[in-house]
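Structure provided below as structure tokens; questions to follow.
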Amino acid sequence: MSAHLCPDLEVLFAELEEGEGPALDHAADCEACSAVLEEHRLMEQDLYRLADPLPPPTLVASVMARVAAEPVPQRREVWSGLAILMTSLLGGLGYLVMSDQALGRLGTGVASFLVEGRLFAEGVLSGARALWSTEGLAVAAILAFLLLTSLAGLKRLAGSAPTPSEA
Ligand SMILES: [Zn+2]
């Protein structure tokens, strides 16, 4: 058959869906249309492969078997507890160092104001006192936070430790 008799591709694909039709009959004998249909078939195959992400039915079983074979080591739990403790301690240390510098700057400021004039001294000192109380609040909040995180870390340690019957 000559090329100019080839059906419209839309008609061809519509008949392909239905499974029968004159265009499909033509395609069976026509090299060009067969090639188009073959290309379409391969593309459809790829699409189905992409659209079907379902894992093989044995996957869940194999994963569960692997999980059962490799339980999370208890040591990892202990390490994570220790990591929390260390982070808390380092954080507290860093805060103390930083607040020491802050307090040093504050002292320098107060001293220079005292040198400049006694008139400012009282105001500055009351301001400093306000800062101190603010700092104190911050320190208390940080310490409370550290205490809580440390307790969380200890709790993790205690929770992951083997019970007497297990030991
Ligand atoms: Zn054709």
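The values are calculated or read from the model by the stated rules, or taken from the named source; none is laboratory data. Owing to the predicted nature of the structure, the values given are computational and were not obtained by experimental measurement. Neighbour counts are summed over all protein chains in view; Cβ atoms, including those assigned to glycine, are modelled from backbone coordinates with ideal geometry. Note: areas computed on protein heavy atoms with side chains; ligands, DNA, RNA excluded. Shrake-Rupley method; radii C 1.70, N 1.55, O 1.52, S 1.80 Å.
Here's a check for you: in segment 40-52, which residue that is open to solvent by 100 Å² or more (accessible area, probe 1.4 Å) and within 17 Å of A14 (Cβ to Cβ) is nearest to the ligand (Cβ to nearest atom)?
It comes out as R41.
Quick check on my filter: what residues within segment 1-27 are within 13 Å of the ligand (Cβ to nearest atom) and loosely packed, with under 10 Cβ neighbours inside 10 Å?
S2, A3, H4, L5, D8 - these are the residues of segment 1-27 that are within 13 Å of the ligand (Cβ to nearest atom) and loosely packed, with under 10 Cβ neighbours inside 10 Å.
Please count how many residues of segment 53-84 are assigned to a helix (DSSP H, G or I) and either surrounded by 10 or more Cβ atoms within 10 Å (Cβ to Cβ) or modelled with pLDDT of 70 or more (or both).
Looking only at that region, the number is 21.
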